[in-house]
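Report on the structure given below.
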Amino acid sequence: MKVQTGMIIALTLILVFLANSVITASAVPCNCGEICVNTSGWWQAGSAFNASNTPIQHAVDNATKGETVCVKDGMYTENVDVNKRLTIRSENGSASTTVHAANSSEPNFEVIADYVKISGFTVTRPDPARWHETAGIGLSNVEHCNITGNNASNNWVYGIWLNSSSNNTLTNNTANSNNDYGIYLHFSSNNTLNNNTMSGNTCNFCV
């Protein structure tokens, strides 16, 4: 009888431990936004981890309008389409977080929604991208976006490109070397540019 009682107690403790482990594994903290991203996946605050080969894009797809997507340190190889009002920021700045274009004919970040904020990324692309008219960060037909603290060097054509986009703010970005155009405003007006650093491009600031 004592042996059976001991076995029951042991099994109960094991089940309690496994239950707590499942809760712990599924409740992943995210302290810098509503959705967090690392190089192997994404998760919502307090929810399960989702593995992904394109974690920033999947986080954007699953975010609710107005939320913040926080990207952890690392190298991400993908192109990100932003079609809703979001803040997309790196946790520790452009020196720690790089988005390298997977498709050289598409922008690293392509913004097609108003009121988007992108901050703290290095955006680069493969050398063959020089044959495509594309950008590290591209805004198309949008307003009131904020592009801050990004390094858009080594994109071969456009570092940051605004197409038919007005009333946006570009602040503290860097577009040095290996861009044909550092910042290019194409049919874009009433944009605010402050403290952006551009040098070593064929044209540093172009309209």
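Below 12 angstrom from the Cβ of ASN168, what's the summed charge of the other residues (Lys, Arg +1; Asp, Glu -1)? Here the charged neighbours net out to -1. Look at the dipole of region 31-206 built from charges on Cβ: of ASN155, ALA95, MET75, the Cα furthest out on the positive end belongs to ALA95. Counted residue by residue at 0.36 nm each, then reduced by the alpha carbon distance between them, the extension gain from ASN62 to ASN172 reaches 36.7 nm. Which percent, to the nearest 5, of DSSP beta bridges fully inside region 31-147 are antiparallel? Rounded to the nearest five, the antiparallel share is 20 percent. For region 118-207, the spread of Cα coordinates along the three principal axes comes to 32, 22, 19 Å, biggest extent given first.
You can think of it this way: the chain between ASN103 and ASN146 has 13.1 nm of extra reach, that is 0.36 nm per residue less the Cα-Cα gap. Remark on the chain: CYS145 stand apart, with no other cysteine beta carbon under 4.7 Å. What net charge do the residues around VAL82 carry, taking every other residue with its C-beta under 13 Å from that of VAL82, with Lys and Arg at +1 and Asp and Glu at -1? Value of the local net charge: -2. Taking a Cβ cut-off of under 14 Å around GLU106, the surrounding Lys, Arg, Asp and Glu residues balance to a net charge of -3, with basic ones at +1 and acidic ones at -1. Relative to the dominant Cα principal axis of the chain, helix 2-26 is inclined by about 10°. The structure-derived value of Cα extents along the principal axes in Å appears in the list [x] 87, 31, 25; [y] 55, 34, 29; [z] 45, 43, 31 under the label [x]. Between SER40 and ASN195, the simple label model (points 7 Å from Cα in the Cβ direction) yields a spacing of 3.7 nm. Which percent, nearest 5, of DSSP beta bridges in the chain are antiparallel? Antiparallel bridges: around 15 percent, rounded to the nearest 5.
Could you work out the helix-only [θ] at 222 nm for the chain, with each DSSP H run of four or more residues adding -39,500 (n - 2.57) and the total divided by the number of residues, to the nearest 500 deg cm²/dmol?
Values: 2 runs with 33 residues, N = 207.
Only helices count here, giving -5500 deg cm²/dmol.
Charges were assigned to the Cβ only: +1 to each Lys and Arg, -1 to each Asp and Glu. The resulting dipole of region 69-207 about its Cα centre is roughly 240 debye. Restricting attention to the chain, lysine pairs at least eight places apart or on different chains and with alpha-carbon atoms under 23 angstrom apart total 5.
Read the figures in this text as sums done on the coordinates, not as results from a lab. Only a predicted model underlies this, so the values are computations on that prediction, with no experimental measurement involved. Ideal geometry is used to build each Cβ from the backbone, glycine not excepted, and the neighbour counts take in all protein chains shown.
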